[in-house]
Amino acid sequence: MPDTTTTSPEEKSAKTTPAPPEPESQPDDKETALESLSSICTVLAVGLFVMTFVFQNFEIPSASMEKTLLIGDHVLVDRVTLAPPTYWAPFVRYRDVRRGDIIVFLKPHPESPDLYLVKRCIGIPGDRIHLEHGIVYLNGVAQNEPYAGMPRDDGNPNDAYSPYRDDFPSIPVDPNDSNVTPEWALELPNHIVNGDLVVPPGSVFAMGDNRTESLDGRFWGFVPRENIVGRPMFVYWSFETPEDQINKTSLGDRVAFMGHILLHLFDETRWSRTFHVVR
């Protein structure tokens with residue numbers, strides 16, 4: 001007797017449909033130790049390049065730029081804009097130093113190597129400069145400088161009128177003034193014309209905003225263009241720092257001050273100066 005068994009549609013479908021392919025094994029996405037190390041080195045190299053050639057941080061150690069910059073201000077410096085143009089980076093926006101720019105530079109004739117200073121550019125090549133009782137005359141015109149600290153009788157001997165400093169360069173250098181470098185004492189007379197200091201090519205003349213507290217171009221001369229590192233952009237952090245902290249260079253003093261910062265990070269940080277634009 002013939003087999004009359006029938007097959008249901010579901011069974012037919014099960015027989016004719018091929019089995020699904022076995023899932024392929026997923027690649028191991030875990031990063032090896034060598035790859036991790038390579039990534040870290042890349043990040044460090046890029047960061048080092050940026051902080052060396054593009055931006056750099058500096059701490060303000062003295063009162064020579066008050067009230068523009070305070071002791072304990074930490075500023076981010078733009079190292080590109082004022083840099084000499086280079087053929088390999090024509091896309092970078094360069095410009096020359098302008099009067100009124102605040103500049104960071106290597107001090108001419110430094111007592112110690114790599115001594116950085118922050119001052120304001122007062123004169124560019126060809127400018128004629130002199131001071132009368134602390135007031136700057138640029139090319140014969142008295143300058144309105146509301147940020148500049150003038151000589152005054154406030155009981156502080158540093159703020160009292162000083163002939164050489166405040167009537168520069170009409171008063172000859174005092175041989176007993178240890179603040180004036182010997183090189184500048186010899187060079188200064190060669191740059192005076194009709195009572196004005198004339199800025200030579202390739203240099204600028206710079207002074208601190210706190211004129212009575214600043215050992216600046218009046219005491220050591222012109223800033224060569226190649227000494228200029230950049231310009232401060234803004235304050236990224238400011239901490240209340242004693243005036244004499246700059247003189248405390250021993251390891252013990254530094255460790256003690258670091259401990260002080262950790263203890264008073266919140267109550268002695270000048271929060272209002274965070275991201276303060278430097279002008």
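What follows draws every value from the coordinates through simple rules; no lab data is involved. Note that this is a predicted model, so its numbers are computed, not measured. FYI the Cβ positions are ideal-geometry reconstructions off the backbone, even for glycines, and counts take in every protein chain you see.
Amide H to amide H, with H built 1.01 Å from N, V204 comes under 5 Å of V223, R225, counting only residues 5 or more places away or on other chains. For Y161, the residues 5 or more places off, or on other chains, whose built amide H falls under 5 Å of its own are R152.
When peptides 144-154, 243-253 are sorted by average Cβ neighbour count within 10 Å, with the highest value leading, the order is 144-154, 243-253. Only Cα sites of region 125-206 enter the Debye sum here, all with the same form factor; the resulting log10 I(q)/I(0) across q = 0.17 1/Å is -0.76, listed in q order. Based on the reciprocal of the average 1/r between different C-alpha atoms, the Kirkwood radius for region 201-260 equals 14.8 Å. Its relative contact order, with pairs defined as Cα atoms under 8 Å and 6+ residues apart, puts region 201-273 at 29 percent.
Remark: region 251-258, residue by residue, has Karplus-estimated 3J(HN,Hα) of 4, x, 5, 5, 5, 4, 5, 4 Hz, where x stands for each Gly or Pro and the curve is 6.51 cos²θ - 1.76 cosθ + 1.60 at θ = phi - 60°. For region 161-233, the set of chymotrypsin sites (Phe, Trp or Tyr not before Pro) satisfying both a DSSP loop assignment and a count of at most 16 other C-beta atoms within 10 Å is given as Y161. Restricting region 183-244 to trypsin sites (Lys or Arg not before Pro) that sit in a DSSP loop and have at most 12 other Cβ atoms within 10 Å of their own Cβ leaves nothing.
Proximity of backbone amide H atoms, modeled 1.01 Å from N, is registered between V229 and V104, F105, L106 at under 5 Å, excluding neighbours fewer than 5 places apart on the same chain.
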